[in-house]
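A short worksheet on the structure shown next.
The values are calculated or read from the model by the stated rules, or taken from the named source; none is laboratory data. Given the structure is predicted, the values throughout are model-derived calculations rather than measurements. A quick note on method: Cβ atoms are made from the backbone with ideal geometry, for glycine too, and the neighbour counts reach across all protein chains shown. Note: areas computed on protein heavy atoms with side chains; ligands, DNA, RNA excluded. Shrake-Rupley method; radii C 1.70, N 1.55, O 1.52, S 1.80 Å.
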Amino acid sequence: MVFSLALALPGCGREPVYREQAYVFGTLVEVTLYGEPEARARSLAGEVFREFQRLHDQYHAWKPSRLTALNAAFAAGPAPVPVDAELAGFIREASELSRRSGGLFNPAIGRFVALWGFHSETFVPRLPEAAAVEQLLAKRPSMEDIVLAHGTAASRNPAVQLDFGGYLKGKALDHAARILRRQGVANALINVGGNVLALGRRGNRPWRVGIQHPRKPGPIAVLDLNDGEAIGTSGDYQRYFEVDGRRYCHLIDPRTGRPAEGAQSATVLAPPGPEAGTLSDVASKPVFLAGPAGFPASARAMGTAAALLIDDRGVLYVTPELQARITLVDQEVELHRVPAGPTTLQ
């Protein structure tokens with residue numbers, strides 16, 4: 001998780017800062033506006049929250065939505081069904097990002113997410129039958145199974161079940177940024193469940209955010225975000241359950257059909273661009289799954305070379321691109337600096 005430190009600074013009550021929070025996407029969302037009159041800021045935040053709620057309702061992974069309707073059609077057979085332009089665009093973009101990730105980002109594995117009990121607001125500490133996991137793994141659902149043509153979508157594989165849980169929060173950031181820019185807002189910070197996008201500055205200084213320590217309260221590091229940058233973290237410390245002292249998190253590895261192991265969290269910094277929020281949300285998943293040896297190459301392949309990973313022992317690995325930007329808060333953490341370039345760790 002990434003969180004804003006802006007309002008924790010001294011004297012913040014004297015600044016023209018407006019902050020509003022809500023609960024959407026099963027997480028806390030927050031919009032902070034700088035330099036806007038309170039009434040206008042409240043109206044702008046309301047417009048953003050309404051868009052968040054629309055996305056949440058339309059693309060919910062297990063409650064009735066246009067996404068669950070499409071998944072039911074995929075399960076019924078290969079016949080094409082109509083999809084609107086927005087949903088088709090999401091599928092097309094997610095498919096391209098999946099390709100860039102080498103398949104580590106794979107929104108087609110919703111059946112695995114459900115099998116492990118994460119299609120629920122609460123998680124029951126119960127393991128699925130190993131045979132069920134292996135049977136589904138043998139079907140190899142992927143985004144490549146989906147065919148878009150002439151306003152329709154079809155799946156060649158009935159095991160495909162879309163889950164945009166690792167994509168939609170980032171997409172919401174980009175939609176919010178467009179809403180605010182269209183209304184002439186120059187300075188804002190948008191936080192959707194720890195995925196954060198910055199517009200402009202906080203007065204005469206940048207927006208400062210903290211990267212959550214995965215095993216301690218507070219941040220492990222802080223950094224300043226530039227205009228248009230977005231940062232996202234995936235971790236094993238929010239959505240998880242434990243059985244016999246072992247942690248099982250919601251981040252499912254498509255290669256095994258099981259919760260990912262080997263990392264506690266991964267953070268990526270996405271450069272400015274119209275889809276920076278989406279990239280910050282998506283790229284942290286393959287970086288997390290790639291582990292200490294593979295995450296630098298994975299981050300670069302996704303266009304987010306500034307990245308860090310905390311392994312299952314609590315060791316922090318950071319690329320040169322992100323090391324130059326962060327200030328460590330936890331001085332006790334063991335730090336490994338990743339060599340520059342496309343090589344992986346030795």
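Tabulated data
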{"item": "Conditions (1) in a loop (DSSP other than H, G, I, E, B); (2) open to solvent by less than 30 Å² (accessible area, probe 1.4 Å); (3) within 22 Å of ASP330 (Cα to Cα): number failed by GLN238", "result": "(2)"}
{"item": "Residue in the range 241-278 that is least open to solvent (accessible area, probe 1.4 Å), counting only those that are more than 30 Å from ARG182 (Cβ to Cβ) and of a type in the set (Val, Ile, Thr)", "result": "ILE252"}
{"item": "From ASP281, ASP253, residue being within 11 Å of the chain's Cα centre (by Cα) and either closer than 23 Å to ALA340 by Cα or not assigned by the TED database to the domain that holds LEU137 (or both)", "result": "ASP281"}
{"item": "Filter result for LEU189 (at pLDDT 95 or above and in a helix (DSSP H, G or I))", "result": "no"}
{"item": "LEU104 open to solvent by less than 40 Å² (accessible area, probe 1.4 Å) and not in a helix (DSSP H, G or I)", "result": "yes"}
{"item": "Unmet requirement for ALA39, which otherwise passes all of (1) at pLDDT 95 or above; (2) small (Gly, Ala, Ser); (3) surrounded by 17 or more Cβ atoms within 10 Å (Cβ to Cβ)", "result": "(3)"}
{"item": "Candidates ALA88, ALA72, ALA61, ALA39 - the one that is of a type outside the set (Ser, Thr, Tyr) and within 17 Å of VAL192 (Cβ to Cβ)", "result": "ALA61"}
{"item": "Enumeration of residues in the range 74-101 that are open to solvent by less than 40 Å² (accessible area, probe 1.4 Å) and assigned to a loop (DSSP other than H, G, I, E, B)", "result": "GLY77, VAL83, SER101"}
{"item": "Some residue of the range 108-117 being in a strand (DSSP E or B) and under 18 Å from the mean Cα position of the chain (by Cα)", "result": "yes"}
{"item": "Residue in the range 177-185 that is modelled with pLDDT under 95, at positive phi, open to solvent by 10 Å² or more (accessible area, probe 1.4 Å) and not hydroxyl-bearing (Ser, Thr, Tyr) present", "result": "no"}
{"item": "Test result for GLY170, part of a loop (DSSP other than H, G, I, E, B), in contact with a strand residue (DSSP E or B) (Cβ under 9 Å, 6 or more places away or on another chain) and surrounded by 19 or more Cβ atoms within 10 Å (Cβ to Cβ)", "result": "no"}
{"item": "Among (1) outside any helix (DSSP H, G or I); (2) more than 19 Å from THR278 (Cβ to Cβ); (3) open to solvent by less than 20 Å² (accessible area, probe 1.4 Å), the one test that LYS63 misses", "result": "(3)"}
{"item": "Qualifying positions in the range 42-60 - under 19 Å from ASP281 (Cα atoms), without any contact (Cβ under 8 Å) to a residue 60 or more places away in the chain and buried (at least 17 other Cβ atoms within 10 Å of the Cβ)", "result": "PHE49, HIS60"}
{"item": "Pair list, Cβ < 6 Å and 6+ apart or interchain, from the range 97-125 residues that are on the phi > 0 side of the Ramachandran plot to residues that are open to solvent by 40 Å² or more (accessible area, probe 1.4 Å)", "result": "GLY117/PHE123; GLY117/VAL124"}
{"item": "Enumeration of residues in the range 200-215 that are in a loop (DSSP other than H, G, I, E, B), touching a residue at least 60 places away in the same chain (Cβ under 8 Å) and either within 26 Å of VAL333 (Cβ to Cβ) or outside the structural domain of GLY184 (by the TED database) (or both)", "result": "HIS213, PRO214, ARG215"}
{"item": "Conditions (1) among the acidic types (Asp, Glu); (2) open to solvent by 10 Å² or more (accessible area, probe 1.4 Å); (3) touching a helix residue (DSSP H, G or I) at 6+ places or on another chain (Cβ under 8 Å): number failed by ASP281", "result": "(2)"}
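Yes/no per residue for (1) over 23 Å from the mean Cα position of the chain (by Cα); (2) in a loop (DSSP other than H, G, I, E, B); (3) not basic (Lys, Arg):
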| position | (1), (2), (3) |
| --- | --- |
| HIS119 | no, yes, yes |
| ALA131 | yes, no, yes |
| GLN135 | yes, no, yes |
| PRO141 | no, yes, yes |
| ALA177 | no, no, yes |
| LEU197 | no, no, yes |
